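Right, one structure below, let's go through it.
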Amino acid sequence: MSNIKILIACHKDTALLDSKILIPIQVGAAGSARRFEQMLSDDTGDQISAKNPMYCELTAQYWAWKNLEADYYGFFHYRRYLSFSEQKYREDRWGNVREDTFSDAIKEKYGLSDKQIEKVVTSYDLIISEEKNVASMPGKATNVYEQYQYGDSLHIEDLDCIVSIVQEKHPEYVQDLKEYLNGKYTCFCNMYIMKKELFHEYMEWLFDILSEFEKRSNLHDYSIEGRRTPGHLGERLLTLYYLHLKRTRQIKIKSLQTVILFHTEPALQGNVSPAFEKNNIAIAAACNEKFVPYMAVLLQSICEQAEQKNNYDILVLTQDISEKSKKILSLIIGDKSNFKIRYLNPTPYIQGCSFYIRGHFSIETYFRLVLPELLPDYKKILYLDSDMVVLDDVAKLYNESIDGYLLGACYDADTAGLYNGYEPNKKAYMDQVLQLKHPYQYFQAGTLLINLETFRATYTVEKKLQYAASRKFQLLDQDILNKLCEGRVRYIDMSWNMMVDYAGIRKEQIITKAPAWLNEMYLEARKHPKIIHYAGSEKPWNHPEMDFGSVFWQYARRTPYYETLLRDMTLASIQEKEEKRKWSRKILGGIRCVRDHGIGYTLRYLKKKKY
């Protein structure tokens, strides 16, 4: 087996592939206060790590040149890889193949196994990212020179300086340089794989030019992006070196597509253990960046009801919550020693699955389906929807026994009312599609006490996700869980998931059609709710006057997001009024059209008009 080393340049903690060839290296380590585990670092031995703000990923290449022994040297980024697949994939306007995140399916799709990588690499002397046509990209550049000239924070005199250095020190490259800069094609991102001899030759040549550039240039007053100029120039020099080799030598060269991943946060899998040794109350909630202010209210309410004797292990399921938002949420926890909040990215488990999404729902609603696999060291967990307010200590619910059950949940009186006459189509759907044996035992999935051990023993993740993606379920994962857990649910007091009177019709019009025992159960829960669930598209952050809306704002005032919530409510109110005015104008216009031209003309006009 050939000794192939492809270094993955990382400036932050990131998801990584299990590979002996793809090796992560922390770049700029000399200037970082944090070291990433299981990574090489570019600040050992002979190195230029401190120059990373200027040289970017080239500090990893310099380190490999001086400190690493291999038969083949390669370099990718933490979120950009080359595809080793024989299949050609659709690209965006920048020439990238776009993917969301890592998964086994992605690894297989793009041939990122060690076996496939070795097969391709050992067949060539040089592998490089495909040439990109800069004239077809957004902007006004018609060639490579202009593409640099019009680049944000770049200065054309720096490229001119490189031209002068190449002319003086490496005149054999001048022909290729002129054709390259006047042409339309270039290779981006400093990504390539070279045989040892070529790599060492390239490093000598590259850093000879860049060292001379450092002597002749002054980047002192450049912006942060501008100071990355040596890295930008390195991309152009790599393309020049490649074009020169292609013209002057008989070597085997291969171009590969670039794959970019948009979510590379480490998905804490397999090693996520309970945060506390004793009285660990595990709570999960799913959230995206947009929903953070509302989940903050849930978190605030949990904290205010918590008892000191318990330890609260908060696990947020997310694919995109920013570091800024995480810091703000941590302010709610403050210095509470019995609270810990962590963030898990479940998307590798659902990558490639096509789930039905509608209305106000988002992909995050499906995250709860993979909790058993995401948390192999946990026996059970309390899952809460993020549009809730907690009015009692959730440890009381968590400590309820669910032995022998898949989960604990509350009856759904709303769905029962829909089924029992309010919405005729609901009965047909539940009887013919879900085919539940006991429709009135349908539960609401906003509060779930999940027996993770029993779930793992009962269903594989593949079986769950296959069923979840098998059709368009009306209530998405809630329908899915009701079918999967039928007959194995422990029903808990409805006060732990008291749904508000949505739009003023849920309580008096829908739930009154449910069996009397469910209606009574719901009315009793309203008297002493332990968890208020703002289920439905009407939310208190847009409609503070709604049922139990004042309770939401009672807790919202004590979060760091109070002002944000006020702003968003104001904007939503303005937008809603504008929508009403727009439709009022259309209705009035229709009335005038009927008055002036008659109903026949109006109907013909409406058929042509699209709103």
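The values are calculated or read from the model by the stated rules, or taken from the named source; none is laboratory data. Small disclaimer: the values here were computed from a predicted structure and weren't measured. Backbone-built Cβ (ideal geometry, glycine too); neighbour counts: all protein chains shown.
Across segment 205-241, what is the number of residues that are outside any loop (DSSP other than H, G, I, E, B) and over 35 Å from the mean Cα position of the chain (by Cα)? Give the steps one after another, and end with the answer.
First, the residues of segment 205-241 that are outside any loop (DSSP other than H, G, I, E, B): 205-216, 226-241.
Now narrow it down to the ones that are over 35 Å from the mean Cα position of the chain (by Cα): 205-216, 240-241.
The total comes to 14.
The set of residues in segment 304-355 that are outside any loop (DSSP other than H, G, I, E, B), of a type in the set (Ser, Thr, Tyr) and touching a helix residue (DSSP H, G or I) at 6+ places or on another chain (Cβ under 9 Å) comprises Tyr312, Ser325, Tyr343, Thr347, Tyr349. Considering only residues that are of a type outside the set (A, V, I, L, M, F, W, C) and either without any contact (Cβ under 8 Å) to a residue 12 or more places away in the chain or in contact with a helix residue (DSSP H, G or I) (Cβ under 8 Å, 6 or more places away or on another chain) (or both), which ones fall in segment 503-520? The answer is Arg506, Lys507, Glu508, Gln509, Thr512, Lys513, Pro515, Asn519, Glu520. Would you call Ser550 in a helix (DSSP H, G or I), small (Gly, Ala, Ser) and assigned by TED's automatic domain parsing to the domain that holds Asn420? So Ser550 passes the test. Among all residues of segment 118-137, there is none that is part of a loop (DSSP other than H, G, I, E, B), modelled with pLDDT of 95 or more, buried (at least 16 other Cβ atoms within 10 Å of the Cβ) and of a type in the set (A, V, I, L, M, F, W, C). Right, Leu484: at pLDDT below 90 and assigned by TED's automatic domain parsing to the domain that holds Asn519 or not? No: the conditions fail for Leu484.
Conditions tested, residue by residue: (1) among the small types (Gly, Ala, Ser); (2) in contact with a Phe, Trp or Tyr (Cβ under 6 Å, 6 or more places away or on another chain).
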| position | (1), (2) |
| --- | --- |
| Ile128 | no, yes |
| Ile156 | no, no |
| Asp176 | no, no |
| Gly183 | yes, no |
| Cys189 | no, no |
| Leu210 | no, no |
| Ser223 | yes, no |
| Thr229 | no, no |
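Is it the case that Ile260 is β-branched (Val, Ile, Thr) and farther than 19 Å from Phe75 by Cα? The answer is no for Ile260. Among the criteria (1) hydroxyl-bearing (Ser, Thr, Tyr); (2) in contact with a helix residue (DSSP H, G or I) (Cβ under 6 Å, 6 or more places away or on another chain); (3) within 28 Å of Asp100 (Cα to Cα), the one Ser301 does not fulfil is (3).
So which strands (runs of 3 or more DSSP E) stay within segment 17-98 end to end and still have 3 or more residues that are without any contact (Cβ under 8 Å) to a residue 60 or more places away in the chain and closer than 25 Å to Phe207 by Cα?
On the way: elements: 22-26, 72-77, 80-82.
In segment 17-98, the matching strands (runs of 3 or more DSSP E) lie at 22-26.
Among the residues making up segment 279-298, those that are out of contact with any strand residue (DSSP E or B) (no Cβ under 7 Å at 6 or more places or on another chain) and part of a helix (DSSP H, G or I) are Glu289, Lys290, Phe291, Val292, Pro293, Tyr294, Ala296.
Filtering segment 272-288 for residues that are of a type in the set (Ser, Thr, Tyr) and without any contact (Cβ under 8 Å) to a residue 12 or more places away in the chain leaves an empty set. Criterion first (in contact (Cβ under 8 Å) with a residue 12 or more places away in the chain and either crowded, with 20+ Cβ neighbours inside 10 Å or in the same structural domain as Glu131 (by TED's automatic domain parsing) (or both)) does Arg249 satisfy it? No, not satisfied.
In segment 29-47, the qualifying residues are those that are under 14 Å from Ala64 (Cα atoms) and not hydroxyl-bearing (Ser, Thr, Tyr), and the one that is nearest to the chain's Cα centre (by Cα) is Met39.
Residues being at pLDDT below 95, buried (at least 18 other Cβ atoms within 10 Å of the Cβ), of a type outside the set (Lys, Arg) and within 21 Å of the chain's Cα centre (by Cα) are represented in segment 103-110 by at least one member.
Residue by residue, here is whether (1) within 37 Å of the chain's Cα centre (by Cα); (2) modelled with pLDDT under 95 holds:
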{"site": "Gln149", "(1), (2)": "yes, no"}
{"site": "Ser153", "(1), (2)": "yes, yes"}
{"site": "Glu157", "(1), (2)": "no, no"}
{"site": "Asp160", "(1), (2)": "no, no"}
{"site": "Gln167", "(1), (2)": "no, no"}
{"site": "His170", "(1), (2)": "no, no"}
{"site": "Lys184", "(1), (2)": "yes, no"}
{"site": "Phe188", "(1), (2)": "yes, yes"}
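Restricting attention to segment 553-593, the residues that are acidic (Asp, Glu) and in a loop (DSSP other than H, G, I, E, B) add up to 0.
The rows are residues; the columns are (1) in contact with a Gly (Cβ under 6 Å, 6 or more places away or on another chain); (2) closer than 30 Å to Asn311 by Cα; (3) in contact (Cβ under 8 Å) with a residue 24 or more places away in the chain; (4) in a helix (DSSP H, G or I).
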| residue | (1), (2), (3), (4) |
| --- | --- |
| Ile381 | no, yes, yes, no |
| Asp403 | no, yes, yes, no |
| Ala457 | no, yes, no, yes |
| Glu462 | no, no, no, yes |
| Tyr467 | no, no, no, yes |
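In segment 486-505, which residues are surrounded by fewer than 23 Cβ atoms within 10 Å (Cβ to Cβ) and either under 32 Å from the mean Cα position of the chain (by Cα) or part of a helix (DSSP H, G or I) (or both)? Residues satisfying the conditions are Glu486, Val489, Ser495, Tyr502, Ala503, Gly504. Could you tell me which residue of segment 506-545 is nearest to Leu397 (Cα to Cα), considering only residues that are β-branched (Val, Ile, Thr) and not in a helix (DSSP H, G or I)? Checked segment 506-545; the qualifying residue nearest to Leu397 (Cα to Cα) is Ile531. Of all the listed residues (Leu344, Leu298, Leu315), the sole one being touching a Ser or Thr at 6+ places or on another chain (Cβ under 8 Å), in contact (Cβ under 8 Å) with a residue 60 or more places away in the chain, within 17 Å of Tyr398 (Cβ to Cβ) and buried (at least 18 other Cβ atoms within 10 Å of the Cβ) is Leu298. Scoring Ile193 on the criteria (1) among the β-branched types (Val, Ile, Thr); (2) touching a residue at least 12 places away in the same chain (Cβ under 8 Å); (3) assigned to a helix (DSSP H, G or I) leaves a single failure, condition (3).
With the condition kept exactly as written, say whether any residue in segment 161-182 is farther than 23 Å from Asp46 by Cα, outside any helix (DSSP H, G or I) and polar (S, T, N, Q). First the steps, then the outcome.
Taking segment 161-182 first, the residues farther than 23 Å from Asp46 by Cα are 161-182.
So of that shortlist, the ones also outside any helix (DSSP H, G or I) come out as 170.
This time we only want the ones that are polar (S, T, N, Q), so: none.
No: zero hits.
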